[in-house]
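*Asks:* To start, I am sharing the structure in question, which I have written as structure tokens.
The values are calculated or read from the model by the stated rules, or taken from the named source; none is laboratory data. These numbers were taken from a predicted model, which means no experiment stands behind them. Here Cβ is always computed from backbone atoms with ideal geometry, including for glycine, and neighbour counts include all displayed protein chains. These area figures cover heavy atoms from the full protein model, side chains too; ligands, DNA and RNA do not enter into them. Shrake-Rupley method; radii C 1.70, N 1.55, O 1.52, S 1.80 Å.
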Amino acid sequence: RSSPRRHPTPRTSSTGMFFITSFMMSGASAAFAPATSLLAAPSTSRGAVLMSAGEPIVKLGTRGSPLALAQAYETKRRLAAAFPDELADDSAVEIKVIKTTGDMVLDKALKELGGKGLFTKELDVALLNGDVDVCVHSMKDVPTWLVPGTILPCNLEREDTRDAWISASGALPSELPAGSVIGTASLRRQAQLLAKNPGLKCVNFRGNVQTRLKKLQENVVDATMLAHAGLRRMDMTEHITRVLEFDEMLPAVAQGAIGIQCREGDEKILRYLDALNHPETKVAVDCERAFLAALDGNCRTPIAGQARLVDGQLLFQGLVSKPDGSVVFETSRAGAIEDAVKLGTEAGEELKAKCGENMEEFFLGEDIAPEPVSSMTGKTTDGLGGYTS
């Protein structure tokens, strides 16, 4: 298979945590910044930002997986292109790798570990401490509620949002016999697979893209799924058996989108991010995250949602399901772009009402089974979504 693009080795930070444990209960705000201009900011023609020799203008924090690094370097490239007088020099934007709990603990399901914040907590700390100026995220990994003092005002143009099905035999989900084992850490994927083929068995399957593909090649599972966007970004689409359409597998909220987080009120950084923001993507992501917020959703709940702009109108599809796929509720909306957050919120509230008064009880059910034994079982993780050799 082709290898991911190689980049210069970034600096690694082992930033410690000091408070994040209770931010969701202390007034955290949803990340729904306007999709229009982020700030009435000066243009690059007003002059370059001065910096002392060797000191970066922008410090960019990222996870250390190959996919995360590809996204970080793409962000660096776009910053240089948008601000050639300020950020074109290679030293102007420094990439700092920050190891996250989600990348260090790979033998447990995300539901057991606490959900999406596992991939962002250490980055939040680094941002608030001033160790980095921005954090680049896969948006589907970002919690619905951001840590106070931070905002997420920028989305790069979105890639294909669909899921890619990767099967050792070439069989599609509906074609696999009962007892076939599917590797996935996603309750969303499990629920939709079981709704269409109840005989399948889903097992925990974590790690970066390369790690999961290696496990698949060892035949510990019969098939797995990955975001099509991630495989495209790393030139690894040759592994795909089929890209699944929305009626086969509705993608996760914000899947395929890259988000850039910064400190609230940081006008220098907001000026840079305004130039990178893709308004159509921002509108769609804000709609989807409003849907998720209304359902109080996370990695422990099977929820899917996608918004698209078609002929100037915003179209939204969403669903919630029991983990075993036995009950699936779906909804759709259409409306004006400026009503994106309202559409998502109303769709979420509709499905929340269908689930009944006790949401926790609705989402109880079949959890993903433990990961099967592979050549990586018991090995030490490298903190980057892989294992030490």
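*Asks:* Any residue in region 279-293 that is assigned to a loop (DSSP other than H, G, I, E, B) and either at pLDDT 95 or above or basic (Lys, Arg) (or both)?
*Replies:* No, that holds for no residue.
*Asks:* Continuing with the same structure: Do we find that Val341 is among the β-branched types (Val, Ile, Thr) and crowded, with 16+ Cβ neighbours inside 10 Å in this structure?
*Replies:* yes
*Asks:* Can you name the residue in region 253-289 that is farther than 18 Å from Ala229 by Cα and under 15 Å from the mean Cα position of the chain (by Cα) and is also surrounded by the most Cβ atoms within 10 Å (Cβ to Cβ) among such residues?
*Replies:* Arg289
*Asks:* Something else about it: Please tell me if Gly356 is closer than 25 Å to Gly259 by Cβ, open to solvent by less than 70 Å² (accessible area, probe 1.4 Å) and at pLDDT 80 or above.
*Replies:* No.
*Asks:* Out of curiosity, is Ala195 out of contact with any Asp or Glu (no Cβ under 9 Å at 6 or more places or on another chain), open to solvent by 10 Å² or more (accessible area, probe 1.4 Å) and modelled with pLDDT of 95 or more? Can you show your working first?
*Replies:* On the way: out of contact with any Asp or Glu (no Cβ under 9 Å at 6 or more places or on another chain): no; open to solvent by 10 Å² or more (accessible area, probe 1.4 Å): yes; modelled with pLDDT of 95 or more: yes.
Against the criterion (out of contact with any Asp or Glu (no Cβ under 9 Å at 6 or more places or on another chain), open to solvent by 10 Å² or more (accessible area, probe 1.4 Å) and modelled with pLDDT of 95 or more), Ala195 does not qualify.
*Asks:* Another question, if that's okay. What number of residues in region 181-192 are open to solvent by less than 10 Å² (accessible area, probe 1.4 Å), modelled with pLDDT of 95 or more and under 18 Å from the mean Cα position of the chain (by Cα)?
*Replies:* Adding up the residues that qualify gives 1.
*Asks:* Any chance region 59-79 includes a residue that's modelled with pLDDT under 95 and open to solvent by 40 Å² or more (accessible area, probe 1.4 Å)?
*Replies:* yes
*Asks:* Now, a different point. Could you grab me the full set of residues in region 155-175 that are hydroxyl-bearing (Ser, Thr, Tyr), farther than 30 Å from His278 by Cβ and within 24 Å of the chain's Cα centre (by Cα)?
*Replies:* Ser167
*Asks:* For residues in region 302-330 being under 20 Å from the mean Cα position of the chain (by Cα) and open to solvent by 20 Å² or more (accessible area, probe 1.4 Å), which is nearest to Leu152 (Cα to Cα)?
*Replies:* This residue is Arg308.
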